[in-house]
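The values are calculated or read from the model by the stated rules, or taken from the named source; none is laboratory data. Keep in mind that this is a model prediction, so the values were computed, not measured. Cβ coordinates were reconstructed from backbone atoms using ideal geometry, including for glycine residues, and neighbour counts include every protein chain displayed. Note: accessible area is taken over every heavy atom of the protein model, side chains too, but ligands, DNA and RNA are not part of it. Shrake-Rupley method; radii C 1.70, N 1.55, O 1.52, S 1.80 Å.
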Amino acid sequence: MSEVRVRFPPSPTGYLHIGSARTALYNWLFARKHGGKLILRIEDTDIERSTQASIDGILDGMKWLGIDWDEGPYYQSQFKDEHVAAANKLLEEGNAYKCFCTKEELDAKREAARVAKSDYGYDGTCRALTPDEVAEKENAGLPYVVRFKVPEGDGVASFEDSVYGKVEKPLRDLEDFVIVRSDGSPLYMLSNVVDDIRDRITHVIRGADGLGNTPRQTLLYHALGAKQPIFAHMPLTLDHQKAKISKRKHGEIVAVHFYKEHGFIPWALCNFLVLLGWSPGDDTEIFSREELIEAFSLERINRSNSIFNYKKDDPKFFTDPKALSINAHYLRTMDIEVIAEMAAEVLKGEGIWDEAYAGEKRQWYLDTVELIRTRFHTLTDFAGAGRAYFAEDYEVEERAIKKNIAKHPDLEKYLPQLADKLAELPDFEHDTVEEALRTFCEALGVKSGIVINGMRTCVTGRLAGPSMFEALGFLGQDRVVARLRGSGKLFS
Ligand code: GLU
């Protein structure tokens, strides 16, 4: 294979969508696997809808995900002259023609086709104009579009898609499509091909929503004397009700920045995204970067649509549960220093970072992160579910109060009494604290489970968590005693 050259050509009309990120990822994996190049091209020819904020968001999102590119960003709008030159070449060589039909004329034909219940396609009126007729109309200043001349006959426009197999479209079903508007601006269909030819793209890996354009694009390649690239169309990603995932329907949950803000580890998101439409052939789900580059192939992209399993009404999970479980996996297993750094960013963002965690309390900080990370799904949990380890302003879960506090009103006097006992301890080691607690419970004749759960709720704010005695050691004597003394507010 000659050097692999793939491209990611987003249209900068919104934030980086997870579907686009998946496209970028597949192209990146393919380039890396084959030692090729990934070209980033911003398709900004829709001037009305393209924005700088969107371009910035796309670049930031790619950088955050770790999807690096080798060339670009190129901007499609800078190549307008080339696109027009290609259209002129097609005109000169008889592969395109000027069409002077007015909007009214075309509308009337379309309406007639509708009434006759037949499919509308441009009828080729201007294809038959003689050079003199064309010159006359041009001299009269009549506006025109440029149409591509679809070859006549029984042939087909076809290509071998790496995912969908042979795709064929009878030429008869293709109308002479417009490649340059009457204002002289080239159409996307043409620009996209001209750019891919110039950028020497060998593989076009894009969403199956592009499949409808591809037969016409193969005709353009041919007419421009260029070799057509290998196409691989990826299945669409739908929600659990089979609707296309979109901002309108699903909100920010489809944006890459949402995952950044909600404590995802960039590689975990990539790992989740790759599985939306590709499988390794067995049930492996977790891949390191190197493993995934090695395992990835176009042939293993699925044809069937992938499901982004997000149920808006399921309060338990805020996104696809698989995305969360993959993120949790990385959170649990990645190098502790790396996770500690990521957690530090979250704590800083919340204003609960203590510089001592980088200095004299470093070991305590690392051990605490290690202790609590096993139950977390996202990095933001360090400032949420794990907040009591780092700050005093932690919330106490409603369900914990219901279960562990409200049912045991006697705890209102027990917890402060326990605080006094714990304050007297010479050290706060696991066994010392456990012993003290058991003695305390026995003396009162109360089940230790009730006191332990009440204490957990009070000092960590959570219904569940690491072993209580271990957690107490991390929180330390002073904080535990103070929190138990202040437990009265839980009973109001
Ligand atoms: N700019 C197009 C899009 O964002 C790219 C289509 C293609 O890959 O050819 O949908």
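Quick rundown of the values:
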read-out: Computed label-point distance, nm, for sites residue 288 and residue 48 using a 7 Å Cα→Cβ extension; value: 5.1
read-out: Net lengthening on full extension, residue 241/residue 425 (0.36 nm per residue, minus Cα-Cα); value: 60.4 nm
read-out: Set of lysines near residue 247 by C-alpha distance (under 16 Å), chain-local residues within fewer than 8 positions excluded; value: 311, 312
read-out: Helix-derived mean residue ellipticity, 222 nm - over the chain, DSSP H n ≥ 4, -39500 (n - 2.57), to 500; value: -13000 deg cm²/dmol
read-out: Convex hull of Cα atoms in segment 1-106, direction-averaged projection (nm²); value: 9.7
read-out: Packing rank of 317-325, 298-306, where each peptide gets the mean count of other beta carbons within 10 Å, highest leading; value: 317-325, 298-306
read-out: Modelled label reach - residue 464, point 7 Å along Cα→Cβ, segment 278-314 residues with backbone N closer than 11 Å; value: none
read-out: Nearest-20 debye value, segment 236-381 charge dipole, Cβ charges on Lys, Arg, Asp, Glu; value: 940
read-out: Residue 302 long-range amide H proximity, modeled H, under 5 Å; value: 278, 279
read-out: Relative packing of peptides 210-216, 470-476 - highest average C-beta neighbours within 10 Å first; value: 470-476, 210-216
read-out: Under 18 Å from the Cα of residue 348 - aspartates and glutamates, other chains or at least 8 residues apart; value: 261, 337, 360, 381, 392, 393
read-out: Relative contact order [Cα under 8 Å, 6+ residues apart], the chain, whole percent; value: 12
read-out: Probe 1.4 Å, accessible area per residue of the chain, Å²; value: 49
read-out: Most positive-pole-ward Cα, 79, 241, 379, against dipole of the chain from beta carbon charges; value: 241
read-out: With Cα atoms, 0 to 90° folded angle of helix 321-333 axis to the chain main axis; value: 60
read-out: Peptides 133-146, 52-65 ordered by average Cβ neighbours within 10 Å, highest first; value: 52-65, 133-146
read-out: Listed residue pairs exceeding 24 Å between alpha carbons, taken from 322/361; 169/249; 37/227; 260/322; value: 322/361; 169/249
read-out: Cα centroid separation - segment 416-437 against segment 6-62, whole Å; value: 58
read-out: Euclidean distance of C-alpha centroids, segment 325-364 and segment 146-202, integer Å; value: 52
read-out: Förster radius 45 Å - calculated FRET efficiency between residue 304 and residue 127, Cβ distance, rounded to 0.05; value: 0.65
read-out: Charged-residue dipole, Cβ positions (Lys, Arg, Asp, Glu), segment 84-161 about Cα centre, Debye nearest 20; value: 240
read-out: Extension gain (nm, one decimal) between residue 142 and residue 360, 0.36 nm per residue minus Cα-Cα; value: 70.5 nm
read-out: Partner lysines for residue 402 [C-alpha distance under 19 Å; skip if fewer than 8 residues away on the same chain]; value: 316, 413, 447, 489
read-out: With every protein chain in place, segment 245-292: carbon and sulfur % of accessible area (1.4 Å); value: 51
read-out: Nearest 10 degrees, 0 to 90: helix 103-115 Cα axis against the chain principal axis; value: 80
read-out: Sorted largest first, extent of the chain alpha carbons per principal axis (Å); value: 110, 50, 39
read-out: Using a Förster distance of 22 Å, the FRET efficiency for residue 117-residue 158 (Cβ separation, nearest 0.05); value: 0.15
read-out: Orphan Cys of the chain, criterion: no other Cys C-beta under 4.7 Å; value: 101, 270, 441, 458
read-out: Helix 448-460 axis, angle to the chain major axis (alpha carbon atoms, nearest 10°); value: 50
read-out: Among 26, 12, 47 - extreme Cα towards positive end, dipole of segment 1-51, charges at beta-carbon; value: 26
read-out: Carbon and sulfur %, accessible surface of segment 51-133 computed with the full protein complex present, 1.4 Å; value: 51
read-out: Linear extension gain, residue 399 paired with residue 63, 0.36 nm per residue minus alpha-carbon span; value: 117.0 nm
read-out: Simple Cβ-charge dipole of the chain, Lys/Arg +1 and Asp/Glu -1, about Cα centre, in debye nearest 20; value: 1220
